[in-house]
1. Full extension from Leu13 to Gln315: what is 0.36 nm times the residue separation minus their Cα-Cα distance, to one decimal in nm?
2. From the phi angles alone, apply the Karplus equation (6.51, -1.76, 1.60; θ = phi - 60°) to the range 271-277 and give each ³J(HN,Hα) in whole Hz, x where the residue is Gly or Pro.
3. Given 0.36 nm per residue, what is the gain on full extension from Val64 to Gln658 after removing their alpha carbon distance, in nm?
4. State the extension gain, in nm to one decimal, for the chain segment bounded by Val431 and Ala194, taking 0.36 nm per residue of separation less the distance between their alpha-carbons.
5. Across the range 687-692, in residue order, what do the Karplus-derived ³J(HN,Hα) couplings come to in whole Hz, using 6.51 cos²θ - 1.76 cosθ + 1.60 with θ = phi - 60° and x for Gly and Pro?
6. Return Tyr460, Tyr575 ranked ascending by Cβ neighbour count within 10 Å, so the fewest neighbours appear first.
7. Need one number: nm distance between label points at Val307 and Ser366, each 7 Å from Cα along Cα→Cβ, rounded to one decimal.
8. Can you tally the net charge around Val538? Count Lys and Arg as +1, Asp and Glu as -1, for every other residue whose Cβ sits under 11 Å from the Cβ of Val538.
Amino acid sequence: MKLPRLAIADPGLSSLRIAARAAIVMPAVFAVASQLIRQPQTEAFAAFGAFAMLVLTDFSGPPVSRFTAYLSLALTGAVLVVAGTLCSANPWLAAAAMAVAGFVILFSGVINGYFAAGGTAAILAFVLSVAVPVPASAIPWRLAGWGLAAAAALCAVMLMWPPRQTETLRADAARAAAALADLADAAFSADQQAIARLRDAAQGEVSGLRRRLDATSHRPTGPAAQAAALAALVDELGWLLDSLLAVTGPPGAEPCRAENGQAMAAAAAVLRASGRQLTGLDAQPQLGRLEQAQAATVRALVQRASVLAAAPDDQELESQLQRTFRIRAITFTTAQIAGYARTASGLAPRPPVWQALRQFAAEHLSGRSVWLRNSIRGAAGLAVAVFIAQRTGLQHSFWVVLGTLSVLRSNALGTSRSVVSALAGTAAGIVLGAAIVLVLGASDPVLWGVLPVAVLVAAYAPRAVSFAAGQAAFTVVLVVLFNIIQPTGWKVGLIRIEDVAIGFAVSLGVGLVFWPRGAAAVLRRDLAEAYSRGAAYVMVAADSLIGIAGPAEPSLAGQAATAAVHQLDDAFRQYLAERSAKRASPESAARLVAGPARLLRAGRSLASLDQLMAGSEHDGSPGTPGESLDGQVQALRSWYVTLGDSIVHGMAPPPPQQPDPEARGQLLQHLRGSLASGEGPALNQALAVLWASQHLDILRRLEAHLGEQAVSGPGLPLRG
């Protein structure tokens, strides 16, 4: 009979380093409080404060930013300890204070990624203070324990195995940008073997960057704008790779080869400068050069109309235009990458306060906001748990709230799985802890020897093994700690499982009452909204080209699509953070989530095509190419809206649309007529409409891929 193998997921051994650091520092902090200060309140706050800052918190980024974040958490925790202790005397006041503090701490995560990363530790500091009633005279002892823990943790995280900067997402993105720049430089090379090597290198860098981002349940910590820009940058690099792969094949006939080469060289230079910015170096991407090269390519294409007119058939004509179209898309995407890289590096100017507040209100001060809903849910659950703990007078009553806090990260229907795992792990931990106490005795030296090992496993298991294993190890830590503080033997285990069971029951009830379908349902709904908004933006941008939409409409539609994509990203982060979501592959859900961002990029590219229409008369009358384009974009929008509805309602997605050769033939015929007439405005319009149609072709090819993900649904269960 084969024994089950222990599955451990710890790339780079980062979880082991964090666990080892906690196993060294936390027992040392507890020893100082226990052997020198000898005050139970100080001992408890020293032990759990160290655990919170060393295990529950992991700030990334440059050393100065990390130090500032940990110091801010320490000072915030001290304020919360004082406030929580002052409110702990009355159950009603304690519950109300928990509701307010819980909401503020949880909702602040939307403002700054560091706030989100330190939220659990901050809530724990307040929970420990408000759930266990003591007189105000205990505040100095509690602050002494928290201060001791914070000082030791701050030194440890900065000096003991700090994260290497080469492992950051920004550094990975910089390498990917450099690899894409090398590929862009070689696009016109005759050495196909060298191009093949550069293709493989670029694909490896971009794929590795995407996997790393997908594996990060909470997107990069730091200021919200920088974190959002970094996540968007990863998507843009993938989009650019697709375009580069399409133009690095064997060269064919093209009317403006020299101008295309200059545009690619300008794009490569911007990519390299953006990569240097991401690594903290002083570099200024030459966007002016990129814009000039892009405009020169379009002008050359119009000026050499005679070359296009000489194409023997439609296939050859489209082939000559295709490379220039792709290179124009490459320069547009490169400019987007430069903007995101600048923001992710903290170099972009801040928007006006009124503009930032308006965007924040539009995205997060509504019932559709994941952050708002989860913050209200979390605050309500914690407040109810604190009130029950205080009114029932349970021993070590803060365990009730710890249990509630654990399960609030899961959706209500997934809560049963978390409850079973938590109780099973707790039971195993009680058995093991009781065995340690019964077999080895309540000897201080033995318990002190067991404590570091238990902390190591408790810190490592949830990250690399399973939630249940972490609960078991954490229970052993509690049994050992409280047998050192106040020897009670195995009885502390019964108290632990009783209190945690009540905490989970309270949390389950709160979750069922407020939002019983969790983040999976929110993600499905936000997917539908983002697909609808993105497709509407594409439609309005295309209609603006042919004069159907007004000049202001693309801007408004683009703002709505951008807000929907940001809201979807928040929902996806919450979905990844839920333990019940771990049973599914996040990569598949990530592919569905990436779809609206592609629609948004296509809409922006279409909107920029208006520059080609300068001096042209928009014509969307019957029988013109404008009418044909309008029909294509209406069908495209209908498909993506239907896809979103199918995801929400768990139905089969619509079949992908087939290209319409007749419509493409009409566009090419109109282009030939414009080439023959030699009229610049008419040629500009014909080129713009044809390139808009090519944008729609790319989105149509995406339909089959998205439909396949929606059918299989391995990353996002279609039904709640």
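1. 103.3 nm
2. Couplings: 4, 5, 5, 5, x, 5, 4 Hz.
3. Between Val64 and Gln658, full extension yields 208.4 nm more.
4. Length gained, Val431 through Ala194: 79.1 nm.
5. After applying 6.51 cos²θ - 1.76 cosθ + 1.60, I find 5, 4, 5, 5, 5, 4 Hz.
6. Tyr460, Tyr575
7. Result: 4.8 nm between the two label points.
8. Every neighbour counted, the sum reads +4.
Taken together, the values in this text are just the output of simple stated rules run on the coordinates, not laboratory data. Keep in mind that what you see is a predicted model, and the values were worked out from it rather than measured. Glycine gets a Cβ as well: all are built from the backbone with ideal geometry, and neighbour counts include every protein chain shown.
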